[in-house]
Every structure is written in structure tokens, then in C-alpha cells.
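Single-structure report; data block below.
The values are calculated or read from the model by the stated rules, or taken from the named source; none is laboratory data. Note that the coordinates shown come from a computational prediction; the quantities given were computed from them, not determined experimentally. In this analysis, Cβ positions are derived from the backbone assuming ideal geometry, glycine residues included, and neighbour counts consider all displayed protein chains.
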Amino acid sequence: MARVICIVNQKGGTGKTTTAINVSARLANKGYRTLLIDIEPQANASLALGVDIHALKKTMYDVLLEEEVELDDIIIGTTTENLMLAPTHVDLANTDINLADKTDKQFRLKNKITKMRAKFDYILIDCPPSLSLLPLNALTASKEVIIPLQADYLSLEGLEQLISTIDKVRDKLNSELKILGILFCIVDRRMKMTTQSIDIVKEDFNKLVFDTQMRLCVKLKEAATFGQSIFEYAPKSKGAEDYGKLTEEITAGEENV
Ligand SMILES: Nc1ncnc2c1ncn2[C@@H]1O[C@H](COP(=O)(O)OP(=O)(O)OP(=O)(O)O)[C@@H](O)[C@H]1O
Ligand SMILES: [Mg+2]
């Protein structure tokens, strides 16, 4: 049965999509049957995997809105063997309005994922930068959360709010939910603020912080622009090394799930 992991932070640009794409690609390279679900309306993950989103007939929009559309109906292959993608649609931006009157509005994604868990080893969910109904659906559908964080003071404020939301979801919607790890992304150690804010987070959440940190690596940005994972685009880069190590940390925790 698949481990279901969502990648959440309500702050924009913290490295969610970069993490979702490259961890998924690495897991797939290691032979795990992996599904990446993109519920971010800007479709960054779908685009970064080289998908022509305008050619798609059905997307996560249909899966979440239509009772009879299943993940199986929209999943597509990628250039990475073992990596499948459930692509997004720009209209997902209106999910809150479209689902407002549905009684199961927080459980839509969970209901659809449950039917797919036997087909995959890992299901990852890339979320938009908000705490709206889309990330709530992801938190309700997942057993584990990765929180990508930037090493600056403003991000630390958002972290408390996010952890309190995760606590509420655990209380009310998904008692199994746990934080797999806080991940420092885009780490530039030349800046004093970087080490200081990492230290502050470690003081409060030491056990929850991943050992691996993502060093600043321009090739990660370039890879996404070319529609490739870092392992295809620049397998010898710092980004490939760091996402490789992070994936080892994640798979090492399999027995604890
Ligand atoms: N380690 C890194 N080094 C350099 N650039 C990075 C690194 N990680 C991510 N980036 C770049 O930083 C930008 C933001 O990253 P990303 O899109 O993954 O964040 P996000 O949290 O998904 O953003 P959003 O909240 O808008 O969805 C992107 O241009 C990405 O290529
Ligand atoms: Mg993103």
C-alpha cells in the first residue's frame, strides 16, 4: 500500500514543487511505483515534468469535482520510468467555491486516493501556497507531511500557523497525520540569517528537521524550465546529490509508517 505524503507550506516559493518533482523522480528511479498528484492551479509540477497541460482532456479538477471521475482516468506517464502524474488544471483555483456546499468537501481527495493505494508504493501531493480547501484535502488524504521551509525569519512565523493547522486537521479530520519532516530548501550558507533561522527551528522542532538540507543550486531552476527532473538534467549537481540524500532519509523511514 502506498505511503501518501503531501508537501505543504502556505507561504509561496519555499521549494514545495521542486521537492515534489525531484523526490518523486528519485523514488521512481529507485524502482518505486510513484504517483505525483499536482493540485496546484499554476501547474508548476506538471509543467516541470514536461507535460503539455493544454492538451489534457481530464485533470484533477474533474477528479475533485465529479463523483464518477477517478484518478485512474486522468493519470499520465512521464519521461521518468515508474513515475506517473495526476495533472492539475487552472480552474482548481476555484475549488473553494465549487466545493463549498458539498458535505464531503475535505474528503474528496482522500476518497479518490484510497482506491489507488494498492497500485503505487508512493503517492506525493504538491500543494498550492495557501491553507485553503486544496491543501486541507491533501492533509486529510495523507499520512505524512513534508514542510519545505526557507531559512529566513518571516518563514518561521508561518511555520507556527502551519503546525497549528496540522494539529487541527489531526484532531478533526485525520488522526493518523504526522509530520515526516521540516525541510530547509534553497539554503545559502553565506547569509548569516540562514544559519540563525535554522538554529531557531532546530531548538523548537529538532527531531522533525530533516538532516539533509537543500543547498542553493541554480540547476534545479534550470531543470524545471527544461521540463526535466534534476536527475535527468544535471545528475552530478549539488541539487541531485541533496535530493538523492533526502530520498534516502524518506525511504529509510518506511518501517515506521
Ligand atoms: N535549492 C534550490 N536552489 C535554487 N533554486 C531553487 C532551489 N529550490 C527551489 N528553487 C527555485 O525557487 C523557486 C521556488 O521553488 P518552488 O517552485 O519549488 O517553490 P513552491 O513552494 O512550489 O512555490 P509556490 O508556493 O509558488 O508553489 C523556483 O524557481 C525553484 O526553481
Ligand atoms: Mg509550487
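Of the residues Asp211, Asp242, only one is away from ligand 2 (no atom under 16 Å from the Cβ), acidic (Asp, Glu), surrounded by 17 or more Cβ atoms within 10 Å (Cβ to Cβ) and under 19 Å from the mean Cα position of the chain (by Cα); which? Can you show your working first?
Details: Asp211 fails: surrounded by 17 or more Cβ atoms within 10 Å (Cβ to Cβ).
Just a single option satisfies the conditions, and that option is Asp242.
Scan Ser155, Ser142, Ser130 and give me the residue that is of a type in the set (Ser, Thr, Tyr) and either crowded, with 24+ Cβ neighbours inside 10 Å or touching a Cys at 6+ places or on another chain (Cβ under 6 Å) (or both).
Details: Ser155 fails: either crowded, with 24+ Cβ neighbours inside 10 Å or touching a Cys at 6+ places or on another chain (Cβ under 6 Å) (or both); Ser130 fails: either crowded, with 24+ Cβ neighbours inside 10 Å or touching a Cys at 6+ places or on another chain (Cβ under 6 Å) (or both).
Testing whether each residue is of a type in the set (Ser, Thr, Tyr) and either crowded, with 24+ Cβ neighbours inside 10 Å or touching a Cys at 6+ places or on another chain (Cβ under 6 Å) (or both) leaves just Ser142.
Can you name the residue in region 140-155 that is away from ligand 1 (no atom under 16 Å from the Cβ) and not β-branched (Val, Ile, Thr) and, of all such residues, is farthest from Arg108 (Cα to Cα)?
Filtering region 140-155 for residues away from ligand 1 (no atom under 16 Å from the Cβ) gives 140-144, 153.
Filter once more, keeping what is not β-branched (Val, Ile, Thr): 141-144, 153.
On the way: Ala141: 9, Ser142: 12, Lys143: 16, Glu144: 18, Tyr153: 35 Å.
The extreme case among them is Tyr153.
Pick out the one residue from Val218, Val201 that is within 16 Å of ligand 1 (Cβ to nearest atom) and over 16 Å from Val145 (Cα atoms).
Values: Val201 fails: within 16 Å of ligand 1 (Cβ to nearest atom).
None of the other options fit; the residue is Val218.
Is there a residue in region 11-23 that is more than 9 Å from ligand 2 (Cβ to nearest atom), crowded, with 24+ Cβ neighbours inside 10 Å and within 18 Å of Thr140 (Cα to Cα)?
For region 11-23, residues more than 9 Å from ligand 2 (Cβ to nearest atom), crowded, with 24+ Cβ neighbours inside 10 Å and within 18 Å of Thr140 (Cα to Cα): absent.
Given the criterion more than 16 Å from ligand 2 (Cβ to nearest atom), hydrophobic (A, V, I, L, M, F, W, C), surrounded by 13 or more Cβ atoms within 10 Å (Cβ to Cβ) and within 18 Å of the chain's Cα centre (by Cα), identify the matching residue among Ile186, Ile179. Spell out how you get there, then give the answer.
Values: Ile186 fails: more than 16 Å from ligand 2 (Cβ to nearest atom).
The unique qualifying residue is Ile179.
May I ask you to list the residues in region 153-196 that are among the basic types (Lys, Arg) and more than 23 Å from Leu134 (Cα to Cα)? Walk me through how you get there before you give the answer.
To start, the set of residues in region 153-196 that are among the basic types (Lys, Arg) comprises 168, 170, 172, 178, 189-190, 192.
Answer for region 153-196, where residues must be among the basic types (Lys, Arg) and more than 23 Å from Leu134 (Cα to Cα): Arg189, Arg190, Lys192.
Output the residues belonging to region 111-132 that are outside any strand (DSSP E or B) and away from ligand 1 (no atom under 16 Å from the Cβ). Give the steps one after another, and end with the answer.
Step one: list which residues in region 111-132 are outside any strand (DSSP E or B), which gives 111-121, 127-132.
Once the filter is applied, which keeps residues that are outside any strand (DSSP E or B) and away from ligand 1 (no atom under 16 Å from the Cβ), region 111-132 yields Asn111, Lys112, Ile113, Thr114, Lys115, Met116, Arg117, Ala118, Lys119, Phe120, Asp121.
Among the residues of region 8-47, which ones are small (Gly, Ala, Ser), within 13 Å of ligand 1 (Cβ to nearest atom), assigned to a helix (DSSP H, G or I) and in contact (Cβ under 8 Å) with a residue 60 or more places away in the chain?
Our first condition is that a residue be small (Gly, Ala, Ser); within region 8-47, this holds for 12-13, 15, 20, 24-25, 28, 31, 43, 45-46.
Now drop any that are not within 13 Å of ligand 1 (Cβ to nearest atom), which leaves 12-13, 15, 20, 24, 43, 45-46.
Among the residues that remain, those that are also assigned to a helix (DSSP H, G or I) are: 20, 24, 45-46.
Passing the criteria: Ala20, Ser24, Ala45.
One residue is enough: does region 167-174 have a residue meeting the conditions touching a residue at least 40 places away in the same chain (Cβ under 8 Å), within 16 Å of ligand 1 (Cβ to nearest atom) and not in a strand (DSSP E or B)?
Looking through region 167-174, none of the residues is touching a residue at least 40 places away in the same chain (Cβ under 8 Å), within 16 Å of ligand 1 (Cβ to nearest atom) and not in a strand (DSSP E or B).
I'd like the full set of residues that are surrounded by fewer than 14 Cβ atoms within 10 Å (Cβ to Cβ), out of contact with any helix residue (DSSP H, G or I) (no Cβ under 8 Å at 6 or more places or on another chain) and either part of a loop (DSSP other than H, G, I, E, B) or at pLDDT 95 or above (or both), limited to region 78-100.
Ala100
For Ile186, all conditions in the list (1) over 17 Å from Asn22 (Cα atoms); (2) touching a strand residue (DSSP E or B) at 6+ places or on another chain (Cβ under 8 Å) hold save one; what is the number of the exception?
(1)
Could you go through region 177-193 and let me know if any residue there is of a type outside the set (D, E, K, R), touching a Phe, Trp or Tyr at 6+ places or on another chain (Cβ under 9 Å) and farther than 20 Å from Arg3 by Cβ. First the steps, then the outcome.
Residues of region 177-193 that are of a type outside the set (D, E, K, R), as a first pass: 177, 179-187, 191, 193.
If we keep only those that are touching a Phe, Trp or Tyr at 6+ places or on another chain (Cβ under 9 Å) too, we end up with 179-184, 193.
Filter again for farther than 20 Å from Arg3 by Cβ, leaving 184, 193.
For region 177-193, residues of a type outside the set (D, E, K, R), touching a Phe, Trp or Tyr at 6+ places or on another chain (Cβ under 9 Å) and farther than 20 Å from Arg3 by Cβ: present.
Go through region 175-200 and give me each residue that's part of a loop (DSSP other than H, G, I, E, B) and either farther than 19 Å from Gly15 by Cβ or among the small types (Gly, Ala, Ser) (or both). Even if it seems obvious, please write down each step before you answer.
If we filter region 175-200 for residues that are part of a loop (DSSP other than H, G, I, E, B), which is where we start, we get 175-177, 186, 188-191.
Residues satisfying the conditions are Ser175, Glu176, Leu177.
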